[in-house]
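The structure appears right after this line, and notes come after that.
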Amino acid sequence: ELAATIDIGSYTLNDFADKIAQALNEIGDNTYSVALDRDTRLYTISADNNFDLLVTTGTQTAISAFSLMGFTSDKTGSDSYESDVASGFVYYPQAPLKSYAQFDDIEEAVQAKVNESTDGSTIEIVSFGQRNFMRCNIKYATNIINQNYIEDNATGVSDLRTFMRYVTKKRPVEFIPDRQDFDTYESCLLESTPRSKDGVGFELRELYSEGLAYYFETGDLTFRRL
């Protein structure tokens, strides 16, 4: 029995696939690849020879990462296995994002310093690259169903809380601008919220000012492209 080790950390779906492949290729004689179906969030682990995945009977089940990958049972006798259930989770806003500005539209220099000559004729900017940001307000989260223009979700508010608790831990996420196209995405990290300039806290605000009790918004969130 061989045991592969994945570094402890927070990963996006795509990065997790790379980490799985890296860990597997560091042990044994097989060459492994890991493919991700972004629509289903299922991983497929393949190798150049047959191999087994001891998901429930291996000696390391107590600290196994198989549940994070979506594997729930042993896999034997093949050179390729698809996970049983989806990995990770998806948060769907119930309405189009408000105050939205895409990553390419917000840019700033990193640790920039402006040097100006004595007579002002020459100006030089010294920086360490550029950073791009996305801004959005997740608005109209609610548990109320049968709305005309808000997507029904009986756990809409708690789902938003779960998402905000995750991103305020500074864990990377994949932002998908068009939910019909899961293959187009940006890896990003929460940069700031109205509650925390460092992006480590949040406040869901009920929309009393709009006469909408039980409807919530995050206020403007800023995410940094990774």
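The table that follows gives values for the structure above.
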| read-out | value |
| --- | --- |
| Residue in segment 147-161 that is out of contact with any strand residue (DSSP E or B) (no Cβ under 8 Å at 6 or more places or on another chain), within 25 Å of S87 (Cβ to Cβ) and hydrophobic (A, V, I, L, M, F, W, C) present | yes |
| Residues of segment 80-113 satisfying the condition of being in contact with a Gly (Cβ under 8 Å, 6 or more places away or on another chain), assigned to a loop (DSSP other than H, G, I, E, B) and surrounded by 14 or more Cβ atoms within 10 Å (Cβ to Cβ) | S83, D84, A86, S87, Q94 |
| The lone exception for N148 - which of (1) farther than 17 Å from V200 by Cα; (2) surrounded by fewer than 15 Cβ atoms within 10 Å (Cβ to Cβ); (3) of a type outside the set (S, T, Y); (4) at pLDDT 95 or above it fails | (4) |
| Options G77, G120, G70; residue that is in the same structural domain as D18 (by TED's automatic domain parsing) and exposed (fewer than 14 other Cβ atoms within 10 Å of the Cβ) | G77 |
| Test: residue in segment 63-79 that is touching a helix residue (DSSP H, G or I) at 6+ places or on another chain (Cβ under 7 Å), among the small types (G, A, S) and either under 30 Å from R179 (Cβ atoms) or outside any loop (DSSP other than H, G, I, E, B) (or both) | no |
| Among the candidates E217, E203, residue that is surrounded by fewer than 18 Cβ atoms within 10 Å (Cβ to Cβ) and touching a strand residue (DSSP E or B) at 6+ places or on another chain (Cβ under 9 Å) | E203 |
| Selection count where residues are over 23 Å from the mean Cα position of the chain (by Cα) and not small (G, A, S), scope segment 111-142 | 13 |
| Hey, D7 of a type outside the set (S, T, Y), under 19 Å from P172 (Cα atoms) and not in a helix (DSSP H, G or I) or not | yes |
| Cβ pairs under 7 Å, 6+ apart, first in segment 204-226 and in contact (Cβ under 8 Å) with a residue 12 or more places away in the chain and assigned to a loop (DSSP other than H, G, I, E, B), second of a type in the set (A, V, I, L, M) and surrounded by 15 or more Cβ atoms within 10 Å (Cβ to Cβ) | L204/L160; L226/L189 |
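Yes or no, residue by residue, for (1) in contact (Cβ under 8 Å) with a residue 24 or more places away in the chain; (2) on the phi > 0 side of the Ramachandran plot; (3) touching a strand residue (DSSP E or B) at 6+ places or on another chain (Cβ under 9 Å):
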position: I27; (1), (2), (3): yes, no, no
position: S33; (1), (2), (3): no, no, yes
position: R41; (1), (2), (3): yes, yes, no
position: F51; (1), (2), (3): yes, no, yes
position: G70; (1), (2), (3): yes, yes, yes
position: S80; (1), (2), (3): yes, no, yes
position: Y100; (1), (2), (3): yes, no, yes
position: Q111; (1), (2), (3): no, yes, yes
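The values are calculated or read from the model by the stated rules, or taken from the named source; none is laboratory data. Everything quoted here is computed from the prediction, not taken from an experiment. Glycine gets a Cβ as well: all are built from the backbone with ideal geometry, and neighbour counts include every protein chain shown.
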